[in-house]
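**Student:** Take a look at the following structure, please.
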Amino acid sequence: MTTPLQLLPAVDVQDGQAVRLVQGEYGTATNYGDPFDAALGWQEAGAEWLHLVDLDAAFGHGNNREIIRRITGELGIKIELSGGLRDDASLEEALAMGATRVNLGTAALENPEWTAKVIDQFGDKIAVGLDVRGEKLATRGWVEEGGNLWDVLDQLEAAGCARYVVTDITKDGTLTGPNTQLLGQIAQKTGKPVIASGGISVLKDIEELTQMVDQGIEGAIIGKALYAGQFTLQQALQVASGSAVQDV
Ligand SMILES: O=C(O)c1ccccc1N[C@@H]1O[C@H](COP(=O)(O)O)[C@@H](O)[C@H]1O
């Protein structure tokens, strides 16, 4: 029996609204309404995980702490939380709110000593987001460059990072399919679980990533495709469990 691919519907929060950006660019948001309703909807549709992002915190434009606190506090599913988690206070608050794990971006690149410390302290509650353009990593709302992917991956491996969330920024929000080549390369190099992010458009993409579970692709974040109605979460979960692709 095949190991299912974990699916993480995304709820990205900006100005108190659930949104999707295109290639992470500020000002490209499509609004999908109340983030709590979106999160609850994914839970009711069968999600076991939610990928929850405070975009304002990631961009350094304030935060959406109260709505995120409500989602982490009231939902019963596992939550991977990211955006603006860059010091002890924000990280400890995120875990105390009920995040199952946190995803560090900017801090992992700008503050590797602190990142190594919290990896040591919190183990697999810490994932690192490798937000990639070509072979360059992006930070601070993906508007600044943060170093070479492979060099940073070596440092994180030495620090004992348990899991990577890999986003091809050029694919994110574009419905052009995941960058399976990059995902495969990173999974092969690390041997640690990789969560794929960016580009999923059709059920075939999920089928392709499910076939990569044995290579270390543990899960996939789905954003735009779900909000745009390309397929339902139930269909995606069926495919991720190894069943045949259903027509939509
Ligand atoms: O998810 C997005 O669309 C996104 C767009 C622009 C910036 C960040 C985005 N997402 C998440 O934010 C973290 C990084 O936050 P930080 O650098 O730690 O503050 C990133 O890993 C994505 O999960």
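**Student:** Restricting to lysine pairs 8 or more places apart or on different chains, what number in the chain have Cα atoms under 23 Å apart?
**Tutor:** Lysine pairs satisfying the spacing and distance rule in the chain number 16.
**Student:** Relative to the Cα centre, what is the charge dipole magnitude of region 109-195, using +1 at the beta carbon of each Lys and Arg, -1 at the beta carbon of each Asp and Glu, and rounding to the nearest 20 debye?
**Tutor:** Working: 9 positive and 13 negative charges, 55 e Å.
It works out to roughly 260 debye.
**Student:** Note down the relative contact order for the chain as a percent, whole number, built from C-alpha pairs under 8 angstrom at least six residues apart.
**Tutor:** Working: 531 pairs, mean separation 48.8, N = 248.
Reported relative contact order: 20 percent.
**Student:** About its Cα centre, how strong a charge dipole does the chain have in debye, to the nearest 20, once Lys and Arg get +1 and Asp and Glu get -1 at the Cβ? Write down the numbers at each step before the final one.
**Tutor:** Working: 18 positive and 35 negative charges, 50 e Å.
The calculated dipole for the chain is roughly 240 debye.
**Student:** Something else now. Counting DSSP beta bridges with both partners in region 6-241, what percentage is antiparallel, nearest 5?
**Tutor:** Working: 10 of 42 bridges.
If I count the DSSP bridges inside region 6-241, around 25 percent turn out antiparallel.
**Student:** Whole number in Å², please: accessible area per residue of the chain, 1.4 Å probe, ligands, DNA and RNA not counted.
**Tutor:** Values: 10290 Å² over 248 residues.
Result: 41 Å² of accessible area for each residue.
**Student:** Next question, about the same structure. Using only DSSP helix segments of four residues or longer, with each worth -39500 (n - 2.57), what per-residue ellipticity at 222 nm results for the chain after dividing by its residue count and rounding to 500? Show your work: numbers first, answer last.
**Tutor:** Numbers: 11 runs with 93 residues, N = 248.
My calculation for the chain gives -10500 deg cm²/dmol from helical runs alone.
**Student:** How large a share of the accessible area of the chain, in percent, is made up of carbon and sulfur atoms when the probe is 1.4 Å and the other protein chains stay in place? Display every interim value, and only then the final one.
**Tutor:** On the way: 4640 of 10290 Å².
Answer for the chain: carbon and sulfur cover 45 percent of the accessible area.
The values are calculated or read from the model by the stated rules, or taken from the named source; none is laboratory data. Because the structure is a prediction, the values reported are computed rather than measured. Cβ coordinates were reconstructed from backbone atoms using ideal geometry, including for glycine residues, and neighbour counts include every protein chain displayed. Please note that ligands, DNA and RNA were not included when accessible areas were found on the heavy atoms of the full protein model with its side chains. Shrake-Rupley method; radii C 1.70, N 1.55, O 1.52, S 1.80 Å.
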